[in-house]
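Single-structure report; data block below.
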Protein chains: 2
Amino acid sequence: MKPAIILVAPQMGENIGAVARAMYNFSLVDLRLVSPRDGWPNQAAYPMASGADYILDKAMVFDSLQEAIADLHYTVASTARKRELSKSILTPRDMAVRLNDHQNSGLKTGIIFGPERSGLENDHIALAHDIVSVPLNPDFQSLNLAQSVLLLGYEWFQKSDAPKREYDIQKDVAAIGDLVFFQERLVSLLEGRGYFPTEEIKPVMIRNLKTIFTKLHLTKQEIQTLHGIIKLLQ
Amino acid sequence: MKPAIILVAPQMGENIGAVARAMYNFSLVDLRLVSPRDGWPNQAAYPMASGADYILDKAMVFDSLQEAIADLHYTVASTARKRELSKSILTPRDMAVRLNDHQNSGLKTGIIFGPERSGLENDHIALAHDIVSVPLNPDFQSLNLAQSVLLLGYEWFQKSDAPKREYDIQKDVAAIGDLVFFQERLVSLLEGRGYFPTEEIKPVMIRNLKTIFTKLHLTKQEIQTLHGIIKLLQ
């Protein structure tokens, strides 16, 4: 279950192609066009799709927004401007949560975008359940159509995949025993060279030294490297 | 406090303009260019900036990445590809948390991007503390330079409003220039001792060494300590 991307009255074929490219980066494949200005299919779209031709090939065309979203259960309208309509304005992240919740309930969803310059009309927005706006610099708001699709697609994708691991962990981190062995070797070497001025200050200096090498999260290979350096410098 | 955006060897002026536009949407203004292919200033950048001319006007140009980030304390390298370097790969959201936490501690940060087609080289990535990758469709990964800046800028901007710190940052982290100075000293010392068996393998060995000390997040005091150790072992 993935949201459809609905473009209302898009103008340039190039922009439709750029939208397809943005969509496919986030595994979105259901593109719906409402009254594209230059008709459809439009060869101008393909070069800008950078290979996401599949999405353009299977894009569906409708005469009205109403028809385009008739099979969907929940839609969000993307708009940059403050509207007088009495709907809450979602952040992209909130939008992603709502899309996901609907999808998880087996419901079909979509995100609606307006024409390049003018954006969605109020009559279009009235058909959507919610409005989403990307928070931007108050002094400079300049997203093109494909960039808006990119950002909202990104948020949906992050939410939908909900990666359990937040980042990759190095696979080859050294065991703590190896680290301690290196630290002890370094300390004893330094001691032999008179590194510690007094017995009182020695424990603190040793602790500081160990802190340096502990917070490295060193790999086995890196510990070997450090051993090599010490050996050479000796 | 906002992250600098550093472009390493950008090719098309148009893309630099598109990056400025993406940046300013999220209130990012500090653009740094390392060896732009067509020189700088470049009039081709302005039409694509859609009015974010201010950022182009005050962009700084450097001969090397090292110089471009010398005044920063924490940097993240943006890359699409799996790397063999032993650094964690952050999600954009994790990156935003780390940038924000450093900034809240009064530290200067930056995000580093590579050339349009080839991306960052490993030697560039070795200078960064962390790597960030945008999670994308495994079957289609096609972000251009400005789109990468847009997505990472977006995540930073969403996070930058958040009041709470998610992890503690050392207050006295050394500036990157100090770290580089130490690394250079170590390398030259090792070179004098015949550490590098062949000229072919030398760049890889140097890169691995630098990676070790970059991911330490060393404080000024700790760099002093390491200088002291080297001096003593010499």
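The values are calculated or read from the model by the stated rules, or taken from the named source; none is laboratory data. Predicted model only: the values in this text are computed from it and were never measured. Every residue, glycine as well, gets a Cβ built from its backbone with ideal geometry; the counts of neighbours run over all protein chains shown. Each accessible area value is taken on the protein alone, full model and side chains, heavy atoms only, with ligands, DNA and RNA left out. Shrake-Rupley method; radii C 1.70, N 1.55, O 1.52, S 1.80 Å.
Computed values, structure above
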{"read-out": "Helix A:145-161 axis, angle to chain A major axis (alpha carbon atoms, nearest 10°)", "value": "60 degrees"}
{"read-out": "Distance in nm between pseudo-label sites at B:Gln224 and B:Glu14 (7 Å out along the Cβ direction from Cα)", "value": "5.4 nm"}
{"read-out": "When each of A:Lys202/B:Lys2; A:Lys220/B:Lys220; B:Lys2/B:Lys210; A:Lys210/B:Lys108; B:Lys108/B:Lys210 is checked by Cα-Cα distance, pairs over 31 Å", "value": "A:Lys202/B:Lys2"}
{"read-out": "Rounded to whole Å, sorted largest first: equivalent-ellipsoid semi-axes of the protein assembly as shown, Cα gyration tensor", "value": "49, 23, 20"}
{"read-out": "Cross-link partners of B:Lys58 among aspartates and glutamates (Cα-Cα below 19 Å; sequence separation of 8 or more within a chain)", "value": "A:Asp139, B:Glu14, B:Asp30, B:Asp38, B:Glu67, B:Asp71"}
{"read-out": "Placed amide H near A:Asn137: partners under 5 Å, 5+ positions off or other chain", "value": "B:Phe26, B:Ser27"}
{"read-out": "Theoretical ellipticity at 222 nm over the protein assembly as shown - DSSP helices of four or more residues, -39500 (n - 2.57) apiece, nearest 500", "value": "-13000 deg cm²/dmol"}
{"read-out": "Buried accessible area, chains A and B (both chains, 1.4 Å probe, Å² to nearest 100)", "value": "5000 Å²"}
{"read-out": "Rounded to 5, percent antiparallel among DSSP beta bridges of chain A", "value": "5 percent"}
{"read-out": "Accessible area (Å², 1.4 Å probe, nearest 10) - A:Arg37", "value": "140 Å²"}
{"read-out": "Percent antiparallel among DSSP beta bridges (both partners in the protein assembly as shown, rounded to 5)", "value": "5 percent"}
{"read-out": "Projected area averaged over orientations for segment B:1-97, convex hull of C-alpha atoms, nm²", "value": "6.9 nm²"}
{"read-out": "Relative contact order of segment A:1-103, pairs being alpha-carbon contacts under 8 Å that are 6 or more residues apart, as %", "value": "28 percent"}
{"read-out": "Solvent-accessible area per residue for segment B:1-40 (1.4 angstrom probe, square angstrom)", "value": "28 Å²"}
{"read-out": "Karplus-derived HN-Hα couplings along segment A:182-187 (A = 6.51, B = -1.76, C = 1.60, θ = phi - 60°), whole Hz, x at Gly and Pro", "value": "5, 4, 4, 5, 5, 4"}
{"read-out": "With all protein chains modelled, accessible area of A:Arg98 [1.4 Å, Å²]", "value": "90 Å²"}
{"read-out": "On Cα atoms only, tilt of A:202-214 relative to the major axis of chain A in degrees", "value": "40 degrees"}
{"read-out": "Interface residues, segment A:124-155 - accessible area loss of 50 Å² or more versus chain alone, probe 1.4 Å", "value": "A:Pro135, A:Asn137, A:Phe140, A:Ser142, A:Gln147, A:Leu150, A:Leu151, A:Tyr154"}
{"read-out": "Helix A:13-25 vs. chain A, principal-axis angle (Cα, 0 to 90°, nearest 10)", "value": "40 degrees"}
